[in-house]
1. Taking MET237, is it out of contact with any Asp or Glu (no Cβ under 9 Å at 6 or more places or on another chain), within 30 Å of GLY136 (Cα to Cα) and assigned by TED's automatic domain parsing to the domain that holds VAL260?
2. Please count how many residues of the range 243-264 are outside any strand (DSSP E or B), within 14 Å of the chain's Cα centre (by Cα) and not aliphatic (A, V, I, L, M).
3. Taking ASP145, is it in contact with a strand residue (DSSP E or B) (Cβ under 9 Å, 6 or more places away or on another chain), charged (D, E, K, R) and either modelled with pLDDT under 90 or in the same structural domain as SER259 (by TED's automatic domain parsing) (or both)?
4. Taking only the range 46-62 into account, find how many residues are closer than 14 Å to ARG5 by Cβ, part of a strand (DSSP E or B) and either modelled with pLDDT of 85 or more or of a type outside the set (Val, Ile, Thr) (or both).
5. Determine whether the range 30-45 contains at least one residue that is at pLDDT 85 or above, under 23 Å from ARG243 (Cα atoms) and assigned to a helix (DSSP H, G or I).
6. If a residue must be among the charged types (D, E, K, R), buried (at least 17 other Cβ atoms within 10 Å of the Cβ) and either farther than 21 Å from SER239 by Cβ or without any contact (Cβ under 8 Å) to a residue 24 or more places away in the chain (or both), how many such residues does the range 175-228 contain?
7. Determine, yes or no, whether GLY169 is more than 26 Å from VAL32 (Cβ to Cβ) and in a loop (DSSP other than H, G, I, E, B).
8. Can you pull out the residues in the range 232-242 that are surrounded by fewer than 20 Cβ atoms within 10 Å (Cβ to Cβ) and in a loop (DSSP other than H, G, I, E, B)?
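The values are calculated or read from the model by the stated rules, or taken from the named source; none is laboratory data. Since we're looking at a predicted model, the values are computed, not measured. For neighbour counting, all protein chains shown are included, and Cβ atoms are generated from backbone atoms with ideal geometry for every residue, glycine included.
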Amino acid sequence: MSSVRPIEAHGPDVEAAIEAGLQELGLSRSDVIVEVVEEGRKGILGLGSKDATVRLTPLTAHTEPQVHGAAAEESTPRAGEPQKPEKAPIVAEQKPVSGGQVTPSPRPTPEAAAAGDEELESIVTEIVSNLLLKMGFGEATISVDRSEPDDQSGRVMTIVRVDGDNLAGLIGPHGETLNDFQYVARLMAGHALRRRADFIVDIDGYRSQRKESLSSLARRMAQKAVERGSPVTLEPMSSYDRRIIHMALRDRDDVYTSSVGEGSNRRVRVFLKDGDEA
């Protein structure tokens, strides 16, 4: 059984590091998100060389169901802002038993899961409604829906849709304000429920529109990489937007993606499979 947590792997170059990591996880390239931590260097006459380092994140453990196919996650914090806690992988709780073995606790029954969803939906609707009222958007309408099962994990996500007039200020540039609003609402819901509260907030259909736009961009950049015969690097994006790019191209047999750079300069790079890694 493959690992459900991100791992770091090393090799003389990026491709070798990726292959080492895939062998350790027992996964194929389409099953992971690749992030280049260190591209490495050859050095001069063998001196000063440094291995490449990559981080591999299994999609099956970290992919959330999508809004009409889009996954949701928090945006990358801007420079000078406090770091938001990273989301923990969604795995079954594990409890040690005699002999040092670890066994997963049983998953909740469909009836228990449905009851939990209903409790979450009730709490979230109240929280989002109160936040909108205090922010001067009390006339906005709120509806709650559930996503289609994710094609990898089968997980269903609660979606809170907010519709109304003049809501652009709640979305912000590249959805940054929306991501912050969702982050605060999740914190408040988690406190009220005394457990992790995962749900998506979408305003005026922004997330589904953004997903379609970025997926189209991903396909164009993949085609550009193939035509040029060399990697293509996209502009800096939030982690939410980068995930959409990764997901849009994960099933391609001619290219693969990785995240490079740090902080607000983090971006997706599209590589050719078995091609030039320069």
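1. yes
2. Qualifying residue count, the range 243-264: 3.
3. yes
4. 3
5. The answer is no; no qualifying residue exists.
6. Going through the range 175-228 one residue at a time, the tally reaches 2.
7. no
8. Correct list: LEU234, GLU235, PRO236.
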